[in-house]
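Everything below concerns the one structure shown next.
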Amino acid sequence: VGKFEARAAGATEALARRLVKGDAEVRLETLKALERVGKASAAALPAIAELFAHPDPRVRSAAAMLAGKYEE
């Protein structure tokens with residue numbers, strides 16, 4: 001995803017939807033994909049913030065780390 005940042009930005013909405021489905025591993029991989037998209041994935045920030053209350057501490061941590069990379 002990161003290799004095609006400009007085009008991958010369009011996938012942000014689909015990736016954000018993946019954050020609310022699946023197990024912790026799916027959510028962690030989705031967060032990694034969003035990170036590779038870069039700042040163009042800022043539209044997913046509301047979905048990322050939802051993960052701050054996820055029961056898995058790895059998901060909470062990854063979400064917080066990614067959210068911290070956005071300037072907004």
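Among the conditions (1) within 10 Å of the chain's Cα centre (by Cα); (2) at pLDDT 95 or above, the only one that ARG18 does not satisfy is (2). Consider the range 21-34 and keep the residues that are open to solvent by 30 Å² or more (accessible area, probe 1.4 Å) and modelled with pLDDT of 90 or more. The one that is farthest from LEU66 (Cα to Cα) is ASP23.
Which members of the range 35-44 meet the condition of being surrounded by fewer than 17 Cβ atoms within 10 Å (Cβ to Cβ) and hydrophobic (A, V, I, L, M, F, W, C)? Within the range 35-44, ALA40, ALA43 qualify.
Figure legend. Inter-residue proximity from the range 43-54: first residues within 12 Å of LEU66 (Cβ to Cβ) and hydrophobic (A, V, I, L, M, F, W, C), second residues in a helix (DSSP H, G or I) and open to solvent by 80 Å² or more (accessible area, probe 1.4 Å), beta-carbon distance below 9 Å, spacing 6+ or different chains. Indicated pairs: ALA44/GLU13; ALA47/ARG17; ALA47/ARG18; LEU51/ARG60; PHE52/ARG60.
The values are calculated or read from the model by the stated rules, or taken from the named source; none is laboratory data. Just so it is clear, the model here is predicted, and its values are computed rather than measured. Here Cβ is always computed from backbone atoms with ideal geometry, including for glycine, and neighbour counts include all displayed protein chains. These accessible areas exclude ligands, DNA and RNA; they are computed on the full protein's heavy atoms, side chains included. Shrake-Rupley method; radii C 1.70, N 1.55, O 1.52, S 1.80 Å.
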